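Report on the structure given below.
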């Protein structure tokens with residue numbers, strides 16, 4: 001008589017547990033994604049996590065000059081401020097101090113404000 005009720009309660013607990021795990025994993029993957037996971041988790045606070053740092057000399061659609069060195073931008077470049085918070089590319093201006101992460105081809109895949 002109580003078997004169907006126990007089975008229903010178990011099903012709801014299982015569904016709730018699975019949903020909770022999905023939610024937790026989705027938050028974790030966001031932070032890893034923000035740091036470009038091959039580099040580990042980057043929050044913009046540790047300069048050792050970047051491929052390089054410097055001040056922007058000029059910024060174009062497909063490349064950027066940082067400390068007199070031209071770097072190509074990936075088509076999928078992402079822009080961040082400290083803490084891994086994604087921002088628009090318009091936040092970056094000439095003279096801004098930045099950190100960047102490059103891919104295996106040397107293209108910048110993430111650019112970070114370091115004010």
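The values are calculated or read from the model by the stated rules, or taken from the named source; none is laboratory data. Keep in mind it's a predicted model, so treat the numbers as computed, not measured. Cβ coordinates were reconstructed from backbone atoms using ideal geometry, including for glycine residues, and neighbour counts include every protein chain displayed.
Only one of 71, 78, 93 is in a loop (DSSP other than H, G, I, E, B) and farther than 11 Å from residue 114 by Cα; which?
So the residue among 71, 78, 93 that is in a loop (DSSP other than H, G, I, E, B) and farther than 11 Å from residue 114 by Cα is 93.
With 68, 103 as the choices, which residue is modelled with pLDDT of 95 or more and touching a strand residue (DSSP E or B) at 6+ places or on another chain (Cβ under 8 Å)?
Among 68, 103, only 68 is modelled with pLDDT of 95 or more and touching a strand residue (DSSP E or B) at 6+ places or on another chain (Cβ under 8 Å).
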